[in-house]
């Protein structure tokens with residue numbers, strides 16, 4: 001009986017650690033368009049040095065999702081990458097993203113007729 005308890009405890013601990021290891025960090029981001037001044041909020045989930053996903057939405061109900069891909073040279077990744085963003089209103093954007101020397105995200109691209117600026 002005691003052996004079963006220890007086995008169950010060890011399995012629970014292993015599963016909990018595995019879940020933590022696979023959970024990507026989520027960073028809050030905001031976006032705004034220029035000149036129309038449309039505001040977005042959302043999250044960047046993953047790492048700027050590998051792959052990540054982005055979710056943005058605005059107060060008018062427009063939702064945008066996308067995938068970020070890091071630009072690497074050999075095994076070196078500089079924190080620079082591209083975000084392919086698609087919104088449910090038909091707009092799309094290709095955003096150049098960068099993590100600055102303070103570890104904050106910044107990106108700029110074209111969303112429809114506007115410039116899209118994304119910041120952490």
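Since every read-out is calculated from the coordinates, none of them should be taken as a lab result. Nothing here was measured: the structure is a model prediction, and the numbers come from that model. Glycine also receives a Cβ, built like all others from the backbone with ideal geometry; neighbour counts cover every protein chain displayed.
Counting every other Cβ atom within 10 Å of each residue's Cβ, 119, 38 order from fewest to most as 119, 38. Applying Stokes-Einstein at 10 °C and 1.306 mPa s to the Kirkwood radius of region 24-119, computed over alpha-carbon pairs, gives a translational diffusion coefficient of 120 µm² s⁻¹. Projecting label points 7 angstrom from Cα along Cα→Cβ for residue 104 and residue 62 puts them 2.4 nm apart.
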